[in-house]
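Novice: Here it is, the structure in full.
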Amino acid sequence: MRICIASDFFYPNMGGVEEHIFNLSQCLLSRGHKVVIMTHSYGDRKGIRYMTNGLKVYYIPIKVFYNQVILPTMICNIPLLRYILVREQIEIVHGHSAFSTLAHEAMNVGQLLGLRSVFTDHSLFGFADLSAVVTNKFLEISLANCNHCICVSHTGKENTVLRAKVHQDKVSVIPNAVDTAHFTPNPCHRPSDPDRINVVVVSRLVYRKGVDLLAGILPKLKNCPNIHFIVGGDGPKRALLEEIREKNNMQDRVTMLGALEHSQVRDVLTQGHIFLNTSLTEAYCMAIVEAASCGMQVVSTRVGGIPEVLPDSLIILTEPTVESVYRGLMVAIRREAEKKQIGCMYMNGSMDGSVGACRELRRSGVAVCPFERNNLVANLYNWDNVTSRTEKVYRKVLQEKESTLGQMMINCLRSGVWPYLLVISLCHLILRFLDWFVPRKYIDRCPLDNPFWEGTVASRSRQSLNDVRVHVHPIPGASSAGPNGGKSNSSFNNNNAHRHSSKRHKQPVASSS
């Protein structure tokens, strides 16, 4: 299959959507499919880039309008999107994130070209405020002709079905996954002081992540000198945490790490005993899965799809209030202290009378070996399983009949937004004009084979991302951090863009086209 994944959110930008797209693409490549990423330019990162295992990325030179999202024009980018889809001989356009304008425009162009479209929703939306109402209506229009939708949780599926008015039979639930081969426990990174307990918080410091709840918890623990906080992430709410830290004289107990690369997250998680998540809304929350994979206790708010992510033995759920989160955190701290006490008694050879307590802690999931937690998460969430389920969706949509222009307009009428028919008609006319002005036979076709997977690598092509750890080494002097460190190409129509050397190194690096 030939798949184009479109989204405004991709590397070097960091986040859950970016990580999901990259890992899914790597697994699809390993299964022999052709995968192309389509995103907008990031600074001087323009043109075609090749990433790990020959993943081809189009950094389209479109300016960002707001919050890493391009301006929703619907028609201005049609010539370029058509050229890429035709050149790469795409069969399926897979859009990610309801906030991504490029994803919706690419799916619309793909549908008018007779391609199949799939959409993955990573977020939850409300129904009350004006912004949510407008966003939901636009999403309903965009998904009117979508062949299939994917949500990362059952709560997210209910949310998408209600706000976008998509039939439930056209929505599948495929959760995110984590590379447990990377997020492995390392107790040696924890502090040597036996009385010290580290609480780790890694998230964007914004209102939606419940930073105000964290700010309310810190003063309650100022009289507990053995409790230390490690906060990773950046955002507008960082000033609030720094103010609370200064006000309560907790400078030596609250460490602010700032923005982190995804490759640095594991080293931060392994330093802690407890992971605290205070989100106010989440469709899935990759952070708690990564923390559990590193062998940590997890304390999280009971919001969105979080309750269905981890079993009760790996997580303590609380209500999204300061008092409830504080009580849940104290339960985790008490369990950690009891576990350390039992460990000291075991080292001293005096386990008499403590067998019952040890069994109780193990039943609650606290005394479980961190590596056992890692294995449990690996069995629950792995990219091989996510990819196989996504492949089933692809095969299903390829069997569906191609929608005619009339049927597409009828589907759009159901949303009640009649003027949008003019947009669809105009897009169709522009594509017909381009078929005459730049016929498809004059567009160079890219080869379907992937030279990066020839030779010894092809024999391992069926292994999952969890079995083969992918390391990305940036080229020295390259621009901005991320999986790709090469220099940009000034033109898309570069005949040498897909004629890379078929030699395969043991440690692949990102290269420019």
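The values are calculated or read from the model by the stated rules, or taken from the named source; none is laboratory data. The model shown is predicted, which means the values in this text are computed figures rather than measured ones. Positions of Cβ are backbone-derived with ideal geometry, glycine not excepted, and every protein chain shown enters the neighbour counts. We work out accessible area using only protein heavy atoms, side chains counted, and drop any ligands, DNA or RNA first. Shrake-Rupley method; radii C 1.70, N 1.55, O 1.52, S 1.80 Å.
Novice: Calculate the spin-label point distance for residue 252 paired with residue 63, positioning each point 7 Å from the Cα along the beta-carbon direction, and give it in nanometres.
Specialist: According to this spin-label approximation, the distance is 5.2 nm.
Novice: Test of understanding: what is the full-extension gain from residue 89 to residue 398, defined as 0.36 nm times their sequence separation minus their Cα-Cα distance?
Specialist: Length gained, residue 89 through residue 398: 109.8 nm.
Novice: Moving to a separate point now. Of all the accessible heavy-atom surface of the stretch 237-340, with the other protein chains kept in place and a 1.4 Å probe, what percent is carbon and sulfur?
Specialist: Whole-percent figure for carbon plus sulfur exposure: 48.
Novice: Could you check what % of the DSSP bridge pairs in the stretch 82-155 are antiparallel, to the nearest 5?
Specialist: Roughly 0 percent of the DSSP beta bridges within the stretch 82-155 come out antiparallel.
Novice: Quickly work out the residue 434-to-residue 193 label distance, labels modelled 7 Å from Cα along the C-beta direction, and quote it in nm with one decimal.
Specialist: According to this spin-label approximation, the distance is 6.1 nm.
Novice: Need the C-alpha centroid separation for the stretch 148-197 versus the stretch 368-445, integer Å.
Specialist: 22 Å
Novice: Something else now. In whole percent, and with a 1.4 Å probe on the protein chains, what portion of the accessible area of the stretch 17-68 is carbon and sulfur?
Specialist: Heavy-atom surface of the stretch 17-68 belonging to carbon and sulfur, 1.4 Å probe: 54 percent.
Novice: In the neighborhood of residue 414, defined by Cβ-to-Cβ distances under 14 Å, what is the net charge if each Lys or Arg adds +1 and each Asp or Glu adds -1?
Specialist: Taking every other residue near residue 414 into account, the sum is +2.
Novice: Considering only DSSP beta bridges where both residues belong to the stretch 1-126, give the percentage that are antiparallel (nearest 5).
Specialist: 25 percent
Novice: Using a probe radius of 1.4 Å on heavy atoms only, what accessible surface per residue do you get for the stretch 103-217? Whole Å² is fine.
Specialist: Roughly 37 Å² per residue, with all protein chains present.
Novice: Further question: Using 0.36 nm per residue, how much length does the chain from residue 443 to residue 242 gain when fully extended, once their Cα-Cα distance is taken away?
Specialist: Between residue 443 and residue 242, full extension yields an extra 66.8 nm.
Novice: For the stretch 103-192, which whole percent of the accessible surface, found with a 1.4 angstrom probe, sits on carbon and sulfur atoms?
Specialist: That fraction is 58 percent.
Novice: May I ask which of 137/396; 46/237; 63/401; 63/396; 157/339 have a Cα-Cα span longer than 29 Å here?
Specialist: In this structure, 46/237; 63/401; 63/396; 157/339 exceed 29 Å between Cα atoms.
Novice: Which FRET efficiency value, to the nearest 0.05, is calculated for residue 132 and residue 423 with the Förster distance at 30 angstrom and r the Cβ-Cβ distance?
Specialist: Calculated value: 0.85.
Novice: First select every other residue whose beta carbon is under 12 angstrom from the beta carbon of residue 56; then total the charges, Lys and Arg +1, Asp and Glu -1.
Specialist: Result for the neighbourhood of residue 56: +3.
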